[in-house]
Amino acid sequence: MDTAEEVRSSSSLPLPAPLLCFHSLVQWLKHSRKEYCELCKHRFAFTPIYSPDMPSRLPVQDIFAGLVTSIGTAIRYWFHYTLVAFAWLGVVPLTACRIYKCLFTGSVSSLLTLPLDMLSTYNLLADCLQGCFVVTCTLCAFISLVWLREQIVHGGAPLWLEQNQQQPANAAGPPNEAAGQGNGGAENQPMPAPAEPPAENAAAAEAPDLPADPAEEMELDNEDEEDGGAEDVADANNGAQDDMNWNALEWDRAAEELTWERMLGLDGSLVFLEHVFWVVSLNTLFILVFAFCPYHIGHFSVVGLGFEEYVRASHFEGLITTVVGYVLLAITLIVCHGLAALVRFQRSRRLLGVCYIVVKVSLLVVVEIGVFPLICGWWLDICSLEMFDASLKDRELSFESAPGTTMFLHWLVGMVYVFYFASFILLLREVLRPGVLWFLRNLNDPDFNPVQEMIHLPIYRHLRRFILSVVVFGSIVLLMLWLPIRIIKHIFPSFLPYNVMLYSDAPVSELSLELLLLQVVLPALLEQGHTRQWLKGLVRAWTVTAGYLLDLHSYLLGDQEDNENNGNQQANNNNQQARNNAIPVVGEGLHAAHQAILQQGGPVGFQPYHRPIKFPLRIVLLILFMCVTLLLASLVCLTLPVFTGRWLMSFWTGSAKIHELYTAACGLYVCWLSIRAITVLLAWMPQGRRVILLKVQEWTLMILKTLIVAVLLAGVIPLLLGLLFELVIVAPLRVPLDQTPLFYPWQDWALGVLHAKIIAAITLMGPQWWLKTVIEQVYANGIRNIDLHFIIRKLAAPVIAVLLLSLCIPYVIAVGIVPLLVSQNMFLVYLGFVLICVLFFFHPCRYLVGQRLVNYERKAGKPSTTTHSSSVQE
């Protein structure tokens, strides 16, 4: 019973309004678990309420009784959480791994010995780790299925799947016509649209006006039956949607009752054992359906076709065999879907269609996210072999020695290349006229949904898009990597190859330089908005120059100078839209038809332009000019940063060779600083000499403050943090007790930079406390408004003090105090330490009857406790 109900039941008088508000606040705090007020950001505080008969000094028997109770509670919680950890981190992954191995062994004896294998302790840790990966995959597959179902329900199923429900309506046509309810001229009328088509599929209802593609007609199963009445079609489609809906109210209630604590068993109950059983069952089901069956289908097919040796030579026999099984399964589903259409089994036909969509989307995701970046990564490696003085034989040997690592690294490189290429395309869209890049998908378009495209568009169109993407990306690599390398080797024979040795004779550690590069140099370059603005300005300048040279300014950027031409073009576009998405002629916007096909609607954001004479020739010249510009830009990027970095690093390391990644990063950083300084000076020059002097003084003071802060936050704190990590974690694991560890301050500082960034990120993601508040304040102030006094007093001094105490106190205890006590009685020292820890966390809970919320008095200057009975009773 709530506190307010207790007071109300104990007294016949109604609760006062302030007391009722306090009770409501206390109950809200108990359920919401908020620590701060959402309005004034004041932290809620409670004071303990003790029983009136509590003595001034606790009796000895109460202390021992409290200790026994606390120890018993701790033991009970320890057993429960140990059981929870054993169930979720031991039973679930171990069961998944053992069942996975049993199914893929391929023998009946493994099924018979499965119960004994579950209890085996052989290779326990490796099986648990592998089982965690299997459980993660099955959970991801389950979440993906649920999410794909939501996409089909809310985004609309494909048109060919929705047309499946029109068969019963057509079959019932003659009786309806006989009864006077039919549509007499139904054969000569177009098929009516569904009563309430989905929002995303609204444009698809008008698709019959577009000429059909033969390959798409094959996927539509060649349906040529007669069309039924509009009401029957609407009822069929609504019934199809009802079949895929559930009772949302019951699921919401179940979600409210089930919390993470209750599901995982952290609430102290044993209900989680049932959840463990269901998770194990779900893992087994998903392994059987999504791994076992496709793998064996592919295995039998590969063996039957005689490709077993080729698949085994790829070092990825299981993955390739499973993909082949999924492809054959998709083909089988298409054939069964067609057979179900012939015999008019509507439910089976729809079920087979949904299964085909699931397999189709899964294969397309594998191709888009896995295969395409892998192809780009390998092509980048092949085209850059001469830059590193390598050959295909070296890559083959590295693949044979570590196939998994090699494929992952190439996939990662390809993924980075695809990401930055897409980012550059987004930057181009900000500069160019909408409609110029009609052949590329707009990732910023709110209507763009790749999953909906995977669901609705046929396979041949995805294949065509994949081939086009491979050609475009491969051509860019040839133009900006292979050809510049050939030119550099011809003009500067001694400049290449780049030095990519993992270890060198330099006095600087490779690991330290790598961490410094990844944590300091590259984030400083990538997180600056000036670099993007400079690149955007260069693109705009190039576009303006090319537009005026080739008379393509209207096509590239758009203008409003020639109103007559713009008006005529706008009229043509309006007439084009009035023709209901008919394919336009060349010159009126081929991109409009392409966007209409891809997005199942009209063109989005298209602006008219003036088309000059000899337009195709000018476009060819524009492409040639673009290729020459990209070639020159690639030559500058491959030579200037590396040459600058080599020259600067030679002052530090002498003639020793350094990894070119570091020289390139150093040169790139210096070039960026030089360009930034030049742009700042050019911005200050029109303001006069006095303003320039004031700006120089201001920036000099800011630079001095920044250097002091950098020494403290990027120098002292990372060094102390890395040294603490070395002493607490690394040294006890690597150095025996009878040996003295050696410390390397440079490596400790580099590791400390990494740890400091991780701790700062975790702090910013965690709950609100003083360190998070200070870091957010420092970040909000920035470099220009840097507050040196605030940073030293609130951030640097407390953190350095904690780190120094963490380094000094254990050393003083271990060297000065422990030797004096160990010689007498080590057991008494250990027992005393345990008792001190228990007494430190022990509270007199016997006399504690509740807690009282502290009232915040703004005018009083300090909080004062309330005198209401708005307390949380224990």
Please state the shape class of the range 710-822: rounded when a/c is under 1.5, otherwise prolate if a/b exceeds b/c and oblate if not, all from the C-alpha gyration tensor. prolate
How much length is gained if the chain between S70 and A402 is pulled fully straight, taking 0.36 nm per residue apart and subtracting their Cα-Cα distance, in nm to one decimal? 114.2 nm
Tell me, what HN-Hα J-couplings in whole Hz come from the Karplus equation 6.51 cos²θ - 1.76 cosθ + 1.60 at θ = phi - 60° for each residue of the range 144-159, using x for Gly and Pro? 5, 5, 4, 5, 5, 4, 5, 5, 5, 5, 7, x, x, 6, x, 5
For G850, enumerate residues with amide H under 5 Å from its amide H, sequence gap 5+ or separate chain, H modeled in the peptide plane. I49, E874
Amide H neighbours of F46 under 5 Å, counting only residues 5+ apart in sequence or on other chains, H built in-plane at 1.01 Å? V854
Backbone HN-Hα couplings from phi across the range 748-754 [Karplus 6.51/-1.76/1.60, Hz, Gly and Pro as x]: 4, 5, 5, 5, x, 4, 5
What number comes out for accessible area per residue over the range 358-495 if the probe is 1.4 Å? Units Å², please. 52
Apply the a/c threshold of 1.5 to the C-alpha gyration tensor of the range 358-495 and tell me whether it is rounded, prolate or oblate. oblate
If you plug each phi of the range 728-738 into the Karplus form 6.51 cos²θ - 1.76 cosθ + 1.60 with θ = phi - 60°, what whole-Hz ³J(HN,Hα) values come out, in order, with x for Gly and Pro? 8, 10, 6, 4, x, 7, 9, 10, x, 5, 8
Roughly how many debye, to the nearest 20, is the charge dipole of the range 358-495 about its Cα centre, given +1 on each Lys and Arg Cβ, -1 on each Asp and Glu Cβ, and no other charges? 420
Would you rank E162, E261, E698 by solvent-accessible area, highest first, keeping every protein chain in place and using a 1.4 Å probe? E698, E261, E162
Please get the size of the charge dipole for the range 710-822, origin at its Cα centre, with Cβ charges of +1 on Lys and Arg and -1 on Asp and Glu, quoted in debye to the nearest 20. 300
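The values are calculated or read from the model by the stated rules, or taken from the named source; none is laboratory data. Please read these numbers as outputs of a predicted model, since none were measured by experiment. Note that we place each Cβ from the backbone using ideal geometry, even for glycine, and neighbour counts take in every protein chain shown. For the accessible areas, the whole protein counts, side chains as well, though only heavy atoms, and no ligand, DNA or RNA atoms are used. Shrake-Rupley method; radii C 1.70, N 1.55, O 1.52, S 1.80 Å.
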